[in-house]
Amino acid sequence: MADLNQKLKQYAELIVKVGVNVQQGQEVFVNCAIDMAPLARLVAEQAYIAGASSVHVDWTDEALSRLKYEKAADEVFTSFPEWETAKRNSFVERGAAFVAIISPNPDLLKGIDPKRIGNYQKAAGQGLAEYRRAVQSDKVSWTVVAASSKEWAMRVFPGVSAEEAVDKLWDAIFASVRLTAGNPVAAWEEHNGSLHAKVEILNERRFRKLHYRAPGTDLTVELPDKHLWVGASSTSKDGVSFMANMPTEEVFTVPLREGVDGYVSSTKPLSYGGNIIDRFKLTFEKGRIVKVEAEEGQTILQQLVDTDEGSHYLGEVALVPHESPISQSNILFYNTLFDENASNHFAIGSGYAFNIEGGKTMSPEELAASGVNSSITHVDFMIGSAEMDIDGIMDDGTVFPIFRQGNWAV
Ligand code: ZN
Ligand code: ZN
């Protein structure tokens, strides 16, 4: 236990220094499940050491969330409390750093009416739209990190005791965020450098299109004129460098909203809104999803695609080598933060403003005119495998191999 506490302390330090990079006098907004309170407290301690003026923790309780889905009236799920919206927005206005500690139970909402879930996702999307815009345009510094909870750990490591599963998941989380390195902060600097090197190569090439080929996949993705590949650290409006996701292994950009054609098949289950969607295929015409086929979770997937008009289009194209450490661990986490970093992926829904030159200061209309999709949702799904080849196609038709057999070819 002493060892776990020591590791958690190091983890909290990494979250504060590399994750959000807390500045002197800055407020910190932490979102955390009550079961993970010890980690939230350590993050708060490290934040104060780093100079935070005040740390606010927004507690969530999965048991209460489930109870509400079971017992509350239908109409409760069609609106989002105004005070919740105001609270988030006021922290954004004051330039707070946002830390989301996730410890999701993939089966939390099993058996709940998908309509209730869909309605609530929609209402929350609308209620938090301004906050999400601030995050998606890097107005504030933010990070998403994970914590090992019992339910999640038992799903990831079935067949061992709950206690053992929790320990194993902690170990997997620590390994994925390079806490096993002698100097984790230095290890992140190096990792950041190597991802930025890929970003530079891709940005120099100015590919017009990407062509994906794998079993069950033949898809062409056009990129907007001013697309920007990004990866690893980001820079906030105030010039502070931060790591939006820990772990992160991806390099990504935005597709041209109406430039996606063909079909793509998932290669890992997608955990969405407390349900699993698995073995699915999406077909695109002029960017729009025209066919949804899933062996598991068809209804939920269809609802996700039908969230709004923008959820019929893609908002993110991300490259992750099949030999990334998380992929090599061969652990299926049932969680996007980890599984997306083990696999090439796309996102259904909104694109990030920072994936377009000058996008961070564009209005929603200007972003749309640049080809960036907008939606109240953004959900990554995994499509990479050891059998995936990706070509980059230039304006003059020249073809460059970007990925061969699941790994970088550039
Ligand atoms: Zn991604
Ligand atoms: Zn994403």
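The values are calculated or read from the model by the stated rules, or taken from the named source; none is laboratory data. Model, not experiment: these values are computed from the prediction. Quick reminder, even Gly has a Cβ in these numbers, built from the backbone with ideal geometry, and neighbours come from all protein chains shown. Side chains included, ligands, DNA and RNA excluded: accessible areas come from the protein's heavy atoms. Shrake-Rupley method; radii C 1.70, N 1.55, O 1.52, S 1.80 Å.
Could you report the stretch 304-351's accessible area per residue, 1.4 Å probe, as an integer in Å²?
23 Å²
Explain nothing, just the number: dipole magnitude of the stretch 207-408 about its Cα centre with +1 on each Lys and Arg Cβ and -1 on each Asp and Glu Cβ, in debye rounded to the nearest 20.
100 debye
Considering amide H positions built from the backbone, and no H for Pro or chain starts, which residues 5 or more places from Val30, or on another chain, come under 5 Å of its amide H?
His56, Val57, Asp58, Val99
Regarding the stretch 2-176, what is the average projected area of its C-alpha convex hull, in nm²?
Averaged projected area of the stretch 2-176's Cα convex hull equals 10.8 nm².
Does the stretch 207-408 come out rounded, prolate or oblate by the C-alpha gyration tensor, with a ≥ b ≥ c the root eigenvalues, rounded set by a/c under 1.5 and, if not, prolate when a/b is larger than b/c and oblate if not?
rounded
Over the chain, with a Gaussian network built from C-alpha contacts below 10 Å, which listed residue (Ala47, Ala197, Ala368) shows the highest mean-square fluctuation?
Ala197
Equivalent ellipsoid semi-axes for the chain, as square roots of 5 times the alpha carbon gyration tensor eigenvalues: give them largest first, rounded to whole Å.
Here the semi-axes work out to 30, 25, 23 Å.
Just flag the trypsin sites (Lys or Arg not before Pro) in the stretch 1-107 sitting in loop per DSSP whose Cβ has no more than 16 other Cβ atoms within 10 Å.
Arg94
How charged is the neighbourhood of Phe403? Take every other residue with its Cβ under 10 Å from the Cβ of Phe403, and add Lys/Arg as +1 and Asp/Glu as -1.
Cβ neighbours under 10 Å give a net charge of 0.
When the convex hull of the C-alpha atoms of the stretch 134-187 is computed, what volume per residue in Å³ does it have?
Roughly 102 Å³ of hull volume per residue.
Work out which helices of the chain, taken as complete DSSP H runs, extend at least 20 Å along their axis over the Cα atoms and score a mean Kyte-Doolittle of -0.5 or more, then list them.
Sorted by number, the helices that extend far enough and score high enough are 162-176.
Dipole of the chain (Lys/Arg Cβ +1, Asp/Glu Cβ -1, origin at the Cα centre): which of Tyr334, Phe98, Ala386 lies farthest to the positive side?
Toward the positive end, the furthest listed residue is Phe98.
Can you give the charge dipole size of the stretch 125-198 about its Cα centre, rounded to the nearest 20 debye, using +1 on the beta carbon of Lys and Arg and -1 on the beta carbon of Asp and Glu?
320 debye
Select from Thr180, Thr220, Thr336 the residue whose mean-square fluctuation is largest in a Gaussian network model of the chain (Cα-Cα springs shorter than 10 Å).
In the Gaussian network model the winner is Thr180.
Positive end of the charge dipole of the chain (Lys, Arg +1 and Asp, Glu -1 on Cβ, about the Cα centre): tell me which of Leu108, Trp142, Gly259 has its Cα farthest that way.
Projecting each Cα onto the dipole axis, the largest value belongs to Trp142.
Under a 1.4 Å probe, what is the accessible area of the stretch 64-154 per residue, stated in Å²?
With all protein chains present, the stretch 64-154 gives 48 Å² per residue.
So how far, in whole Å, is the C-alpha centre of the stretch 142-191 from the one of the stretch 21-37?
Using only Cα atoms to place each centre, the spacing works out to 19 Å.
Mean-square fluctuation check for the chain, GNM, Cα pairs under 10 Å: which of Ile331, Ile390, Ile201 is largest?
Ile201
Among Asn89, Thr78, Ser65, whose Cα sits farthest toward the positive end of the charge dipole of the stretch 52-101 (+1 at Cβ of Lys/Arg, -1 at Cβ of Asp/Glu, about the Cα centre)?
Working it through, the farthest residue towards the positive pole turns out to be Asn89.
For a quick check of your reading of the filter: which trypsin sites (Lys or Arg not before Pro) in the stretch 96-156 sit in a DSSP loop and have no more than 14 other Cβ atoms within 10 Å?
Lys110
Share of the chain's accessible area from carbon and sulfur, percent, 1.4 Å?
Answer for the chain: carbon and sulfur cover 49 percent of the accessible area.
Suppose every Lys and Arg Cβ carries +1 and every Asp and Glu Cβ carries -1, with no other charges. What dipole size does the chain come out with about its Cα centre, to the nearest 20 debye?
320 debye
Excluding Phe174 itself, calculate the net charge of residues whose Cβ lies under 15 Å from the Cβ of Phe174, where each Lys or Arg counts +1 and each Asp or Glu counts -1.
Here the charged neighbours net out to 0.
Restricting the count to DSSP beta bridges whose residues both fall in the chain, what percent are antiparallel, rounded to a multiple of 5?
Close to 75 percent.
What residues have an amide H closer than 5 Å to that of Trp142, excluding those fewer than 5 places away on the same chain, when H is modeled at 1.01 Å from N in the peptide plane?
Phe98
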